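All remarks here apply to the structure that follows.
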There are 2 protein chains.
Amino acid sequence: MPKQNLFAVILAGGSGERFWPLSRRARPKQFLALVGERTMLQLTAERLAGIVKPQDTFVVTARAYLDLVRAQLPGLPEENILAEPVGRNTAAAVGLAAALLARRSPGGIMAVLPADHYVADVARFQAVLRAAIGAARDGQWVVTIGITPTRPETGYGYICRGEQHAVFMGIPAYRALRFTEKPDVRQAREFLASGRYLWNSGIFVWRVDLISRLIARYLPELHGGLLRLAGTIGDRLAAAMEEVYPDLPGISVDYGIMERAPNILVLPGDFGWDDVGSWPALEGYRENDDLGNVLEGRGVLLDTRNTLVYAPHKVVATLGVENLIIADAGDSLLVCRKERAQEIKRLLAALKEAGLGEVL
Amino acid sequence: MPKQNLFAVILAGGSGERFWPLSRRARPKQFLALVGERTMLQLTAERLAGIVKPQDTFVVTARAYLDLVRAQLPGLPEENILAEPVGRNTAAAVGLAAALLARRSPGGIMAVLPADHYVADVARFQAVLRAAIGAARDGQWVVTIGITPTRPETGYGYICRGEQHAVFMGIPAYRALRFTEKPDVRQAREFLASGRYLWNSGIFVWRVDLISRLIARYLPELHGGLLRLAGTIGDRLAAAMEEVYPDLPGISVDYGIMERAPNILVLPGDFGWDDVGSWPALEGYRENDDLGNVLEGRGVLLDTRNTLVYAPHKVVATLGVENLIIADAGDSLLVCRKERAQEIKRLLAALKEAGLGEVL
């Protein structure tokens with residue numbers, strides 16, 4: 001088989017609110033160093049080292065984040081940053097990248113990666129990604145990596161796998177039977193026990209011509225908009241996007257493509273994956289004291305249990321509290337019962353309604 | 001009876017820690033505007049309007065707080081601010097003032113007032129204070145105001161009253177039988193039920209020559225030190241205090257004088273008194289929402305109950321918490337279970353031990 005061009009498309013347009021007040025409209029999760037010294041976006045890009053070259057790596061982001069992407073990925077060519085004038089969900093972002101890549105290499109392979117997930121075992125991740133690329137090579141298959149579940153998580157989507165189709169570089173590829181949205185606890189337990197379900201990682205690998213055809217077939221409205229962009233270049237592209245983007249349908253790849261396309265392969269990934277979806281997730285990446293507390297910053301936690309304090313710039317003293325998230329961002333402070341951390345969006349809506357949108 | 005000089009001595013040397021992080025070593029409670037726009041010290045001084053003239057009002061404070069007193073009481077003559085080089089409790093502060101006043105008017109009357117208490121009904125306070133001054137006029141009686149208790153408080157000292165001695169300006173004066181330190185709950189309930197116990201307000205009225213004699217009798221060591229100060233003046237006084245003060249015994253008026261002196265009268269005060277002793281006390285002076293929350297500052301309290309938020313300079317968002325004190329002071333943050341607010345001193349000790357004394 002001839003050598004094929006290989007591209008990575010990192011989706012970094014999300015406006016994640018779940019780490020408020022650390023994450024802000026102006027600096028969402030993918031631009032934060034939540035699990036170490038490097039930001040989630042930087043870690044995502046670095047994970048591709050040796051597989052995809054910087055000049056073949058693209059980032060789709062919101063216009064407001066252009067400077068953040070430039071600053072955090074200085075090795076990326078300027079023209080590889082695709083700035084959406086408005087967010088229109090992942091299908092549009094993927095379609096945009098596919099439309100532009102089709103001009104360079106319609107038979108090329110395109111790996112789509114969320115910018116804000118964590119991977120513990122990078123070598124294993126790379127092995128699975130290489131296998132997925134191998135599986136996508138003939139242009140017949142939509143390939144995805146499904147994460148081997150370790151708990152009955154209700155916050156993730158699941159993929160039900162069927163027969164084994166082939167083995168790529170030692171890694172089995174299964175037919176994907178079904179994509180399932182976030183299950184309830186009972187369902188999640190069944191999924192875990194069955195051994196046939198994997199978490200939807202949002203990592204997709206396909207040939208550019210295949211995803212273009214699938215968009216044309218399943219998302220004709222998006223396809224039409226992308227056709228209007230495909231002929232433009234440089235400044236004209238920016239102007240065309242301004243015109244076309246607001247009218248594109250806002251639909252996810254999962255819902256628009258994965259739940260409909262017939263030829264999907266899923267490769268199990270067991271590389272220590274985490275979507276780092278809310279404040280409590282940070283505890284896994286920080287040192288706990290004997291009472292289950294995590295303190296990022298300086299302070300004293302007295303008679304305090306199971307509490308996460310994130311306040312790098314001030315001294316915090318707690319007394320007699322438990323199960324709290326305490327997060328300080330200078331102009332704003334969150335104090336939240338840990339079990340309620342998933343509801344931070346409600347809080348942000350309430351802040352906005354109260355006229356305090358300045359801190360969002 | 002001839003007109004007697006009348007002096008007020010406001011004790012403002014305390015280093016109260018119980019409003020940390022709002023109160024600091026450099027700005028303790030009496031210098032904070034906890035119950036309105038004016039500070040506790042300012043309210044204390046203003047309460048004397050019409051009774052004691054500014055030139056007859058003295059403030060005993062720590063040297064570190066000199067500038068605060070000057071700034072908060074600009075009408076006070078400079079020489080009326082007595083700055084202790086080190087704190088030596090209330091008997092020394094009272095003795096210092098008495099020693100200086102004795103030069104001006106040994107037969108004068110001296111009202112001693114803590115700088116950091118709250119009074120709701122100022123007119124009634126003034127009526128009781130005038131009556132107490134009347135009771136002290138003949139120089140036979142140590143006079144104190146005892147607060148009519150409204151709850152079985154375990155945080156205050158109590159005074160057991162005996163027979164009625166006389167009525168001054170319509171207010172009865174009782175013999176004080178006993179001063180009792182902070183009781184346990186059972187005792188406090190008995191005290192309240194008996195109707196014979198009053199809270200020790202720390203407000204004392206006596207003639208200068210009487211308190212001087214009592215100090216000589218019960219606190220001879222303090223008396224000796226004060227004799228060394230009594231002859232000095234101006235710069236020489238400051239130098240003498242530097243030398244004498246560190247060796248003075250650190251004893252309270254309550255313990256050193258009131259628990260020993262025989263001739264004590266107590267006048268009941270029912271003017272809405274509060275020592276504003278810790279964070280939860282502030283709730284009485286702020287508007288509560290339907291769920292018992294108080295928010296000083298801007299923010300949103302969602303599914304939050306019985307929580308006090310003091311954060312005037314930032315936006316606070318809480319979710320799913322209850323019974324908390326949340327207090328932010330820019331460089332430091334307190335999150336404390338409300339029932340534990342009395343233990344803040346432990347927290348401050350722990351902060352000091354952890355090398356974080358900079359925020360105390």
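Of all residues in segment A:9-24, those satisfying the criterion of being modelled with pLDDT under 95 and away from chain B (no Cβ under 14 Å) are A:Gly13, A:Gly14, A:Ser15, A:Gly16.
For residues in segment B:306-324 being farther than 18 Å from A:Glu358 by Cα and hydroxyl-bearing (Ser, Thr, Tyr), which is nearest to the other protein chains (Cβ to nearest Cβ)? Walk me through how you get there before you give the answer.
Our first condition is that a residue be farther than 18 Å from A:Glu358 by Cα; within segment B:306-324, this holds for B:306-310, B:319-324.
This time we only want the ones that are hydroxyl-bearing (Ser, Thr, Tyr), so: B:307, B:310.
On the way: B:Thr307: 8, B:Tyr310: 11 Å.
Filtering first and then ranking leaves B:Thr307.
What about A:Leu222, is it more than 30 Å from A:Glu163 (Cα to Cα), part of a helix (DSSP H, G or I) and either modelled with pLDDT under 95 or not small (Gly, Ala, Ser) (or both)? In short, yes.
From the residues in segment B:227-280 that are in a loop (DSSP other than H, G, I, E, B) and hydroxyl-bearing (Ser, Thr, Tyr), which one is farthest from the chain's Cα centre (by Cα)?
As a first pass, look at segment B:227-280 and keep what is in a loop (DSSP other than H, G, I, E, B): B:231-233, B:248-252, B:259-263, B:270-272, B:275-278.
This time we only want the ones that are hydroxyl-bearing (Ser, Thr, Tyr), so: B:232, B:252, B:278.
Working: B:Thr232: 28, B:Ser252: 12, B:Ser278: 13 Å.
Going through the qualifying residues, I end up with B:Thr232.
In the set A:Ala45, A:Ala33, A:Ala64, A:Ala26, which member is in contact (Cβ under 8 Å) with a residue 24 or more places away in the chain, in contact with a Ser or Thr (Cβ under 8 Å, 6 or more places away or on another chain) and assigned by TED's automatic domain parsing to the domain that holds A:Gly231? Break it down into steps so the answer makes sense when it comes.
Numbers: A:Ala33 fails: in contact (Cβ under 8 Å) with a residue 24 or more places away in the chain; A:Ala64 fails: in contact with a Ser or Thr (Cβ under 8 Å, 6 or more places away or on another chain); A:Ala26 fails: in contact with a Ser or Thr (Cβ under 8 Å, 6 or more places away or on another chain).
It is A:Ala45.
Among the numbered conditions (1) under 18 Å from B:Ala281 (Cβ atoms); (2) facing chain A (nearest Cβ under 7 Å), the only one that B:Ala341 does not meet is (2).
Scanning segment B:131-171 for residues that are without any contact (Cβ under 8 Å) to a residue 60 or more places away in the chain and of a type in the set (Ser, Thr, Tyr), we see that the one that is surrounded by the fewest Cβ atoms within 10 Å (Cβ to Cβ) is B:Thr150. What number of residues within segment B:89-108 are part of a loop (DSSP other than H, G, I, E, B) and in contact with an Asp or Glu (Cβ under 9 Å, 6 or more places away or on another chain)? Here the count works out to 3.
Note on segment A:1-57: among residues that are basic (Lys, Arg) and part of a loop (DSSP other than H, G, I, E, B), the one that is surrounded by the fewest Cβ atoms within 10 Å (Cβ to Cβ) is A:Lys3.
Restricting segment B:345-360 to residues that are closer than 13 Å to A:Leu302 by Cβ and more than 7 Å from chain A (Cβ to nearest Cβ), which is farthest from the chain's Cα centre (by Cα)? Talk me through it step by step, then tell me what you get.
Within segment B:345-360, the first condition is being closer than 13 Å to A:Leu302 by Cβ, and the residues that meet it are B:345-354, B:356.
Then drop every residue that is not more than 7 Å from chain A (Cβ to nearest Cβ), which leaves B:345, B:348-349, B:352-353.
Details: B:Lys345: 18, B:Leu348: 21, B:Ala349: 23, B:Lys352: 26, B:Glu353: 28 Å.
Taking the candidates together, the pick is B:Glu353.
Within segment B:295-305, does at least one residue satisfy the condition of being within 14 Å of another protein chain (Cβ to nearest Cβ), out of contact with any Leu (no Cβ under 7 Å at 6 or more places or on another chain) and not small (Gly, Ala, Ser)? Yes, segment B:295-305 has at least one match.
Before we move on, is A:Val86 in contact with a Phe, Trp or Tyr (Cβ under 8 Å, 6 or more places away or on another chain), hydrophobic (A, V, I, L, M, F, W, C) and part of a loop (DSSP other than H, G, I, E, B)? Reasoning before the result, please.
Values: in contact with a Phe, Trp or Tyr (Cβ under 8 Å, 6 or more places away or on another chain): yes; hydrophobic (A, V, I, L, M, F, W, C): yes; part of a loop (DSSP other than H, G, I, E, B): yes.
Yes; evaluated as a whole, the condition is true for this residue.
Total residues in segment A:109-141 satisfying the condition of being part of a helix (DSSP H, G or I) and of a type outside the set (Lys, Arg): the figure is 13.
Just so you know, in segment B:325-338 the residues that are out of contact with any helix residue (DSSP H, G or I) (no Cβ under 8 Å at 6 or more places or on another chain) and at the interface with chain A (Cβ under 7 Å from one of its Cβ atoms) include one that is surrounded by the fewest Cβ atoms within 10 Å (Cβ to Cβ), and it is B:Arg337. Among the residues of segment B:187-213, those that are crowded, with 23+ Cβ neighbours inside 10 Å and within 16 Å of B:Leu100 (Cα to Cα) comprise B:Trp206, B:Arg207, B:Val208, B:Leu210, B:Ile211. Against the numbered list (1) surrounded by fewer than 21 Cβ atoms within 10 Å (Cβ to Cβ); (2) at pLDDT 95 or above, A:Gly357 comes up short only at (2).
The values are calculated or read from the model by the stated rules, or taken from the named source; none is laboratory data. For clarity, every value in this text was computed on a predicted model and none was experimentally measured. Counting neighbours? That spans all protein chains shown, and the Cβs are built from the backbone with ideal geometry, glycine included.
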